[in-house]
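The values are calculated or read from the model by the stated rules, or taken from the named source; none is laboratory data. Remember, it's a predicted structure, so these values are computed and weren't measured experimentally. Here the Cβ is made from the backbone with ideal geometry for all residues, glycine too, and neighbour counts use every protein chain on show.
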Amino acid sequence: MARVLQNLCTGKMGSRRVLYIVALTSGFWFSINVLLLIANNQAAVDSLDSLSLGLGNSRSRRDSHFMEDLGIKPLAPANKNKHYPWQEDYPYNGKSGYFGTLFDDGNKLTEVFDVSRQRNKNPGLGENGEAAYLKTEDEKKLAEKLFANHSFNSILSDKISLDRTLPDVRGDRCKQKHYSYEKKLPTASIVICFHNEALSVLLRTVHSVLNRTPPQLLKDIILVDDSSLYNFLKKPVDDHVKTLSRKVKVVRNKRRQGLIRSRLNGAAVARGEVVIFLDSHCEATPGWIEPLLARIKEDRSNVVVPTIEVINADTLQYQAAANPDQRGGFGWDLFYKWKPIPAEEQQLRKDESDFIRTPAMAGGLFAIHRQYFYDIGSYDMEMDIWGGENLELSFRVWMCGGRLEIVPCSRVGHIFRKYTSPYKFPDGVEKTLAKNLNRLAEVWMDEFKELYYQKRPHARNMYYGDISQRIALRKRLKCKPFKWYLDNIYPDSQMPDLYPPAKGEIRNPNSGYCLDSMGIKDGNGKLGLFPCHGQGGNQFFIFSKNGEIIFEEENCLDVSNSSPGSLVDILKCHGFKGNQQWRHKKSDGTIVHVPTGNCIDRGNGENNDKPIMMPCDGRQSQEWRFGFYNSTMFPDK
Ligand SMILES: [Mn+2]
């Protein structure tokens, strides 16, 4: 474990490798949820790095992606008389403060708004989003020492101008489209929650918004300090934002509230028609806000997510993505993951600038009509700190009549932390995550919550509090069943059979060892063995009706070699039986590979971290027991 962490810290390996390493700690699966979460972030790095444009030149104008044919209608228009929970107004006086020089510069507001060049008093390192490096050995040593505080290079960030310039990374089509947006767009409030954030990174987030948001569209920026411990995040922040604009307000939580309640505190102060939530380590690029607001103006039940790009944690380089060909989904552990856009969905798009319907969002950055946000129940206030709230809102938006979309023309950079989150979960990660995810499953997932509990068996009996208000909300909004969501919005969910012949761990009773995927997927390694830990995760398999042994919905055990001693591959399920077909006999516990007739054998000696294929001979190392059997398909004998 120490070795693993050390490797992660040195950061010399690719993020894909990090995923392996994290997955290899299968036995510690339960206790390193945070690392897994970060690995998911790294997966986002991967997917964004390797994006390529997979679009045909389909010019057909099919309106079905507006979902009229699915019977989704927006909620009633916002009640104009409803009193928004906002605070005292700070009218923009047009003279002093951040925007004072703007109009004097004669900027044409029809052009893409970006005053970073004019505001940039200390241009230098990292300009135009380029990679930057520390110069002296002392600086580098200090940076290394402090890296763990934030899990990105905060010392380097301190040396880069808060107003650094960024490239205009939108595609050509998006640049053209910019001039087609209506002049009168809804105003926006930007809500940025932070907890122990690096000061320069936080302020650069604010500066990038001020520098690249047309003033008439920016109502306010609300900074929510979730009870940070550092003094430099108190008065220095207050003093600094006073020099910027009266539009920037700071709200401070007296006690640690977590992301969810912090965002609600921020939204309560916001006065814009639209609320845009940003993480506290972002940079907005030219033209970022108009496409979000325009889409919400079309229909206030559109909830939109910008294309999130990578700001490198070591060099702070802005790493622009190609056109996105991924959207958001999740596995049955209820962790967000990137998924390819299904072909049918791609065909609905007019060109690469058209929005992408997405079943789920990562959660850090999105824009929502403020009144709509409250109308559909804002957030589940009983969820603690962080985790699960992104899917909760995603499910709720889709099931209760809204839409969730990625807007390719809006590009916002985000520092993906390198190996671990510096945040503390006061009640511990497992308890917090289980509570949040159980609430998510219990309120929204109907009978499919079983898939989640199968995946995280330890969560089944954990405390999740009172959900009656959220159930009542679901009734009041007349939300559709989760089955509808799976069928219509997330048909690529690779939903496993709810009632397969057998499932759970696959244990060799004599040794107490279980088959363990080691987190390996799709041809990147061999099936492993690990002491049974009873936590699901990498030791959770499904024996399907077709005789496949499935790991994580889409990966199958596969053997292509009939010689004794061969190892077992983990490959994408192809559904054609063949090398992926197995037979399990409950009487003797054998798992027979149908094409070769060999049995899975625990083996012994040098290969005992990996099971091998051997001729079946009834020895104890060939006896395997699934965690659960479906008694009609495997009657007890
Ligand atoms: Mn973040």
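For the stretch 202-219, the criterion of a residue being farther than 12 Å from V191 by Cα, within 16 Å of the ligand (Cβ to nearest atom) and among the small types (G, A, S) is satisfied by at least one position. When the stretch 326-339 is filtered for residues that are in contact with a helix residue (DSSP H, G or I) (Cβ under 9 Å, 6 or more places away or on another chain), assigned to a strand (DSSP E or B) and of a type outside the set (D, E, K, R), the ones remaining, listed by number, are Q326, G328, F330, Y336, W338.
Could you please let me know if K449 is free of Cβ contacts under 8 Å to residues at least 40 places away in the same chain, within 27 Å of I376 (Cβ to Cβ) and either within 16 Å of the ligand (Cβ to nearest atom) or within 22 Å of the chain's Cα centre (by Cα) (or both)?
On the way: free of Cβ contacts under 8 Å to residues at least 40 places away in the same chain: yes; within 27 Å of I376 (Cβ to Cβ): yes; either within 16 Å of the ligand (Cβ to nearest atom) or within 22 Å of the chain's Cα centre (by Cα) (or both): yes.
Yes, satisfied.
Each residue in the stretch 385-409 was checked for being part of a loop (DSSP other than H, G, I, E, B) and more than 17 Å from the chain's Cα centre (by Cα), and 3 of them qualify. Here Q346 meets the list (1) closer than 25 Å to T205 by Cβ; (2) of a type in the set (S, T, N, Q); (3) in contact (Cβ under 8 Å) with a residue 60 or more places away in the chain almost entirely, failing just condition (1).
Only one entry of A459, A441, A502 meets the criterion of being farther than 30 Å from I591 by Cβ and either in the same structural domain as S544 (by TED's automatic domain parsing) or small (G, A, S) (or both), and that entry is A441.
Which ranges mark the strands (runs of 3 or more DSSP E) fully within the stretch 538-637 that have 1 or more residues being farther than 30 Å from F330 by Cβ and not basic (K, R)?
Values: elements: 541-543, 549-551, 555-558, 569-572, 582-584, 591-593, 598-601, 612-615, 625-629.
The qualifying strands (runs of 3 or more DSSP E) are 591-593, 598-601, 612-615.
Collect the residues in the stretch 142-185 that are among the hydroxyl-bearing types (S, T, Y), surrounded by 17 or more Cβ atoms within 10 Å (Cβ to Cβ) and in contact (Cβ under 8 Å) with a residue 60 or more places away in the chain, keeping them in residue-number order.
S151, S157, Y181
Being modelled with pLDDT under 95 and either under 18 Å from Q469 (Cα atoms) or of a type in the set (K, R) (or both) is true for just one of E450, E442, E430, E382. Which residue is that? Checking each option against the conditions leaves just E382. Only a single criterion out of (1) more than 16 Å from the chain's Cα centre (by Cα); (2) among the acidic types (D, E); (3) more than 16 Å from the ligand (Cβ to nearest atom) is not satisfied by D325, namely (1).
Considering the conditions (1) under 29 Å from G627 (Cα atoms); (2) under 26 Å from the mean Cα position of the chain (by Cα), N510 is excluded by exactly one of them, (2).
I'm trying to understand the selection: among the residues of the stretch 131-190, which are part of a helix (DSSP H, G or I) and among the small types (G, A, S)? Across the stretch 131-190, the qualifying residues are A143, A148, S154, S157, S180. Would you be able to say whether some residue in the stretch 351-366 is within 16 Å of the ligand (Cβ to nearest atom), modelled with pLDDT under 95 and not hydrophobic (A, V, I, L, M, F, W, C)? Checking the stretch 351-366: at least one residue is within 16 Å of the ligand (Cβ to nearest atom), modelled with pLDDT under 95 and not hydrophobic (A, V, I, L, M, F, W, C).
For the stretch 223-251, the set of residues classified as of a type in the set (A, V, I, L, M) and either crowded, with 20+ Cβ neighbours inside 10 Å or at pLDDT below 95 (or both) consists of L223, V224, L229, L233, V237, V241, L244, V248, listed by residue number.
If I filter the stretch 278-285 for residues that are acidic (D, E), touching a Lys or Arg at 6+ places or on another chain (Cβ under 7 Å) and not in a loop (DSSP other than H, G, I, E, B), do I get at least one hit? Please lay out each step first, then the result.
As a first pass, look at the stretch 278-285 and keep what is acidic (D, E): 279, 283.
Among the residues that remain, those that are also touching a Lys or Arg at 6+ places or on another chain (Cβ under 7 Å) are: 283.
Narrowing further to those that are not in a loop (DSSP other than H, G, I, E, B): 283.
Yes.
Exactly one residue among G413, G402 is surrounded by 22 or more Cβ atoms within 10 Å (Cβ to Cβ) and within 16 Å of the ligand (Cβ to nearest atom), and that residue is G413. Given the criteria assigned by TED's automatic domain parsing to the domain that holds N538 and loosely packed, with under 15 Cβ neighbours inside 10 Å, does G512 qualify? So G512 fits the description; yes. Among the residues making up the stretch 515-537, none is closer than 14 Å to F628 by Cβ and not in a loop (DSSP other than H, G, I, E, B). More than 16 Å from the ligand (Cβ to nearest atom), touching a residue at least 12 places away in the same chain (Cβ under 8 Å) and under 20 Å from H207 (Cβ atoms): is that true of T315 in this structure? When the stated conditions are applied, T315 passes them.
What are the residues in the stretch 311-325 that are outside any loop (DSSP other than H, G, I, E, B) and surrounded by fewer than 21 Cβ atoms within 10 Å (Cβ to Cβ), if any? I'd like the intermediate steps shown before the answer.
If we filter the stretch 311-325 for residues that are outside any loop (DSSP other than H, G, I, E, B), which is where we start, we get 311, 318-319.
Hit for the stretch 311-325 is Q319, nothing else.
Checked against (1) touching a residue at least 24 places away in the same chain (Cβ under 8 Å); (2) crowded, with 16+ Cβ neighbours inside 10 Å, P564 meets all criteria but (2). Being away from the ligand (no atom under 16 Å from the Cβ) and either at pLDDT below 95 or among the acidic types (D, E) (or both) is the filter here; which residues of the stretch 273-285 pass it? Across the stretch 273-285, the qualifying residue is only E273.
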